[in-house]
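Novice: Handing you this structure, nothing more for now.
The values are calculated or read from the model by the stated rules, or taken from the named source; none is laboratory data. Predicted model, so just to flag it, every value in this text is computed and none were measured. In this analysis, Cβ positions are derived from the backbone assuming ideal geometry, glycine residues included, and neighbour counts consider all displayed protein chains.
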Amino acid sequence: MPDARDASPYDALLLLSFGGPEGPDDVIPFLENVTRGRGIPTERLKEVGEHYFRFGGVSPINDQNRALLDALRKDFAEHGPDLPIYWGNRNWAPYLTDTLREMVTDGHRRILVLATSAYASYSGCRQYRENLADSLAALEAEGLELPRIDKLRHYFNHPGFLEPMIDGVLRSLADLPDDVRAGAHIAFSTHSIPTTAADSSGRVEDHGDGGAYVAEHLDVAKVIADAVRERTGVDHPWQLVYQSRSGAPHIPWLEPDICDHLEERHAAGVPAVVIAPIGFVSNHMEVLYDLDTEAKDKAAELGLPMRRSATVGDDPRFAAAVRDLVLERAAVERAEEVTPCALGALGASHNLCPVGCCPSRAPRPAAAGADSPYA
């Protein structure tokens, strides 16, 4: 194991997330930020905004990030390393550029980044790297000394990410009525993305047939299903499903959709379903609306007992996993021998995104990768 308190050469950690509105007046400006450059009409944004307005115009993601920050700071204070932790968002305050400016002003020059996305994909990895490059370019234009930025590896198969989800599925199964529990189906849910984006996710050698995005989710689902079988003695059938599709109807996206899946499982005679949102770190809007609202309503309409298991959120085991990832990457940078911690069949992800990893349709500079313009 790496030294429990040595994060050198790094001098700060940045929590990088999506962001969300914190009141009704924020909703449309936030959605304009999210869709900038796509030509989405305001009327369509207002339709999407109804998802937020039904929850008071507030996305839970910012409060969830505050809770994760508290958990990380508590864990680091108790166990080391002595590393300040900052927070910046892609689409809402605190904005990434403002946070990086603050970090540079505070004297930080070697920064590690934790993105609140565990898997390989354009929107979950490379787009954040593009955001970092944009922010570094803005700071460079201001004449500031630029820090070196590295991104923590994908943590989808780290035990500290998986164990809370395993426990969540077990709790959901235990909460089902006795007469349907043994036959319950597990629907492992994640964000749908265009099939072309899925096929090109991960390293070039991983491209095709869903790419790293689908492979990583399938690996996580199998680890959780196997753990549930080992701890309960029941082999529950399962499937990877998708939610939160957006975009033009003629563009193929990953399927099946969770609500379609519930209908199909009900027609097949499944007595109950547990939905496990393995693609999400916390209970943000896609979980609250697509699962706790739409999928819940669909299950009720079908008369199908359904439970939704917990996301990782600010679980102390996840905070400890982040600490482990920080110390692991620091040891790698110091050229020390490290055994990365990972469950499942895929092994630990790469530390440095290679050229061609999760490419965008219109190539843009991306920091913290092999193709970064910022060494």
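Novice: With the checklist (1) in contact (Cβ under 8 Å) with a residue 24 or more places away in the chain; (2) among the charged types (D, E, K, R); (3) more than 25 Å from His158 (Cβ to Cβ) in hand, flag the one item Asp75 doesn't pass.
Specialist: (3)
Novice: While we're here: So which residues in the range 55-98 are farther than 30 Å from Ala141 by Cα, crowded, with 21+ Cβ neighbours inside 10 Å and among the aliphatic types (A, V, I, L, M), if there are any at all?
Specialist: Within the range 55-98, Ile61, Leu68, Leu72 meet the criteria.
Novice: OK, next. Given (1) assigned by TED's automatic domain parsing to the domain that holds Val241; (2) assigned to a strand (DSSP E or B); (3) under 29 Å from Asn131 (Cα atoms), identify the lone condition not met by Ile149.
Specialist: So the condition that Ile149 fails would be (1).
Novice: Pick out the one residue from Glu286, Glu216 that is in a helix (DSSP H, G or I), under 22 Å from the mean Cα position of the chain (by Cα), within 24 Å of Gly347 (Cα to Cα) and touching a residue at least 24 places away in the same chain (Cβ under 8 Å).
Specialist: Working: Glu286 fails: within 24 Å of Gly347 (Cα to Cα).
The match here is Glu216.
Novice: Out of Leu170, Leu144, Leu176, which single residue is in contact (Cβ under 8 Å) with a residue 40 or more places away in the chain, hydrophobic (A, V, I, L, M, F, W, C) and in the same structural domain as Ala321 (by TED's automatic domain parsing)?
Specialist: Numbers: Leu170 fails: in the same structural domain as Ala321 (by TED's automatic domain parsing); Leu176 fails: in the same structural domain as Ala321 (by TED's automatic domain parsing).
One residue alone meets the criteria, Leu144.
Each row is one residue, and each column tells you yes or no for (1) at pLDDT below 95; (2) among the aliphatic types (A, V, I, L, M).
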site: Met1; (1), (2): yes, yes
site: Val48; (1), (2): yes, yes
site: Leu68; (1), (2): no, yes
site: Asn91; (1), (2): no, no
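Novice: Filter the range 339-356 for residues that are hydrophobic (A, V, I, L, M, F, W, C) and within 11 Å of His154 (Cβ to Cβ); which is surrounded by the most Cβ atoms within 10 Å (Cβ to Cβ)? Walk me through how you get there before you give the answer.
Specialist: The first filter runs over the range 339-356 and keeps only residues hydrophobic (A, V, I, L, M, F, W, C), leaving 341-343, 345-346, 348, 352-353, 355.
Among the residues that remain, those that are also within 11 Å of His154 (Cβ to Cβ) are: 342, 346, 348, 353.
Details: Ala342: 19, Leu346: 18, Ala348: 18, Cys353: 25.
Result: Cys353.
Novice: Being surrounded by fewer than 19 Cβ atoms within 10 Å (Cβ to Cβ) and in contact with a strand residue (DSSP E or B) (Cβ under 6 Å, 6 or more places away or on another chain) narrows it down to one residue among Ile251, Ile258, Ile275; which is it?
Specialist: Ile251
Novice: Kindly list the number of the only condition in (1) crowded, with 17+ Cβ neighbours inside 10 Å; (2) assigned to a helix (DSSP H, G or I); (3) not polar (S, T, N, Q) that fails for Glu102.
Specialist: (1)
Novice: In the set Gly160, Gly183, which member is assigned to a loop (DSSP other than H, G, I, E, B) and not acidic (Asp, Glu)? Before you say what the answer is, go through the steps one by one.
Specialist: On the way: Gly160 fails: assigned to a loop (DSSP other than H, G, I, E, B).
The unique qualifying residue is Gly183.
Novice: Among Val322, Val355, Val312, Val326, which is in a loop (DSSP other than H, G, I, E, B), at pLDDT 95 or above, hydrophobic (A, V, I, L, M, F, W, C) and within 17 Å of Leu15 (Cβ to Cβ)?
Specialist: On the way: Val322 fails: in a loop (DSSP other than H, G, I, E, B); Val355 fails: within 17 Å of Leu15 (Cβ to Cβ); Val326 fails: in a loop (DSSP other than H, G, I, E, B).
Of Val322, Val355, Val312, Val326, the one residue that is in a loop (DSSP other than H, G, I, E, B), at pLDDT 95 or above, hydrophobic (A, V, I, L, M, F, W, C) and within 17 Å of Leu15 (Cβ to Cβ) is Val312.
Novice: Moving on. For Trp92, state whether it is aromatic (Phe, Trp, Tyr) and out of contact with any Leu (no Cβ under 8 Å at 6 or more places or on another chain). Explain how you work it out, then say what you get.
Specialist: Details: aromatic (Phe, Trp, Tyr): yes; out of contact with any Leu (no Cβ under 8 Å at 6 or more places or on another chain): yes.
Criteria met by Trp92.
Novice: Here are Gly183, Gly211, Gly202: which of them is touching a residue at least 60 places away in the same chain (Cβ under 8 Å) and in contact with an Asp or Glu (Cβ under 7 Å, 6 or more places away or on another chain)?
Specialist: Details: Gly183 fails: in contact with an Asp or Glu (Cβ under 7 Å, 6 or more places away or on another chain); Gly202 fails: in contact with an Asp or Glu (Cβ under 7 Å, 6 or more places away or on another chain).
After ruling out the rest, the residue left standing is Gly211.
Novice: Taking Glu130, is it within 30 Å of Val27 (Cβ to Cβ), buried (at least 17 other Cβ atoms within 10 Å of the Cβ), touching a residue at least 40 places away in the same chain (Cβ under 8 Å) and of a type in the set (Asp, Glu)?
Specialist: On the way: within 30 Å of Val27 (Cβ to Cβ): yes; buried (at least 17 other Cβ atoms within 10 Å of the Cβ): yes; touching a residue at least 40 places away in the same chain (Cβ under 8 Å): yes; of a type in the set (Asp, Glu): yes.
Taking the combined requirement at face value, the residue satisfies it.
Novice: Next question. Assess whether Arg334 counts as being surrounded by fewer than 19 Cβ atoms within 10 Å (Cβ to Cβ) and either over 15 Å from Lys151 (Cα atoms) or among the hydrophobic types (A, V, I, L, M, F, W, C) (or both). Working first, answer last.
Specialist: Details: surrounded by fewer than 19 Cβ atoms within 10 Å (Cβ to Cβ): yes; either over 15 Å from Lys151 (Cα atoms) or among the hydrophobic types (A, V, I, L, M, F, W, C) (or both): yes.
Yes.
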